[in-house]
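Okay, so here's the structure we're looking at.
The values are calculated or read from the model by the stated rules, or taken from the named source; none is laboratory data. Predicted model, so just to flag it, every value in this text is computed and none were measured. Glycine gets a Cβ as well: all are built from the backbone with ideal geometry, and neighbour counts include every protein chain shown. Quick note on the areas: whole protein, heavy atoms, side chains included, nothing else; ligands and nucleic acids left out. Shrake-Rupley method; radii C 1.70, N 1.55, O 1.52, S 1.80 Å.
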Amino acid sequence: MSLRKSPASRAPLTDAELERLSPDDLAYGKFSEDENARLRAINEARKVKGAYRAKMTGIEQKPILSELRGVGVLTESIWSLLKRTEPYPEAIPILLKHLQLPYSDVTRDGLARALAVPEPEVHAAWPILVQQYITCPTGRGIVAPGETEEWPLGAKDGLACALTMAVTEATLPEFISLVRDRSQGEGRVLLLSVLKKRRKKDPQIAQVIAELAGDPDLKKEIASWK
């Protein structure tokens, strides 16, 4: 269905179809008056949901932010740490402690990504990060406190990012085992950056990549390197 044609030349879009429209569809598509009215309602509903998520997540993160303030790290949310340009090594033990507690997926994702920094404390936390990665659920689920609608879970991707920063030469063999473990899902593609950086310097890594090139979840990314 071409959305650049006159709305009169096609069937009206359902609410579900309107919700799935891409930014390009919205920018260049032609919509009927009714469709535009329903799009406005959908956007307004999204704003309300977004505000509610931000409020509930902010309440959930209060204990974490309070502890961070206690060590001099001032931030509006866990996600705001990702925008900081200055290091925050004093925050690492606090982030690690809370990563192991039963927060929502969105908060755990933020905690994990905030730990994706090149600090000795992150390297030392390798066993914790591996355990959290292995046991982290994937698929769809409730991602934020107070919600009932299911969305794709993101914390495992955040943990993958943390692992790429935590790995050292000593832990590289275990890291490779994680990349090889198909039970960990397609998100393993985020781990490949570590191997990509080493592939031209280490023949053993090049061999591992050649093996992984047949992995259904990884082959597309690896093929793009050639």
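Selection of the range 2-20 for residues being closer than 18 Å to residue 46 by Cα and either touching a residue at least 12 places away in the same chain (Cβ under 8 Å) or outside any loop (DSSP other than H, G, I, E, B) (or both) yields 15, 16, 17, 18, 19. Restricting attention to the range 88-127 and to residues that are basic (Lys, Arg) and within 17 Å of the chain's Cα centre (by Cα), the residue that is most open to solvent (accessible area, probe 1.4 Å) turns out to be 113.
Taking the conditions exactly as written (under 19 Å from residue 134 (Cα atoms) and either in contact (Cβ under 8 Å) with a residue 12 or more places away in the chain or open to solvent by 60 Å² or more (accessible area, probe 1.4 Å) (or both)), does residue 221 satisfy them or not? No.
Residues that are touching a residue at least 40 places away in the same chain (Cβ under 8 Å) and either more than 19 Å from the chain's Cα centre (by Cα) or buried (at least 18 other Cβ atoms within 10 Å of the Cβ) (or both) within the range 179-202 comprise 184, 187, listed in sequence order.
Residues in the range 68-77: is at least one closer than 18 Å to residue 160 by Cα and in a helix (DSSP H, G or I)? No - not one qualifying residue is present in the range 68-77. Scan the range 144-168 for residues that are touching a Ser or Thr at 6+ places or on another chain (Cβ under 8 Å) and farther than 20 Å from residue 55 by Cα and the total you get is 2.
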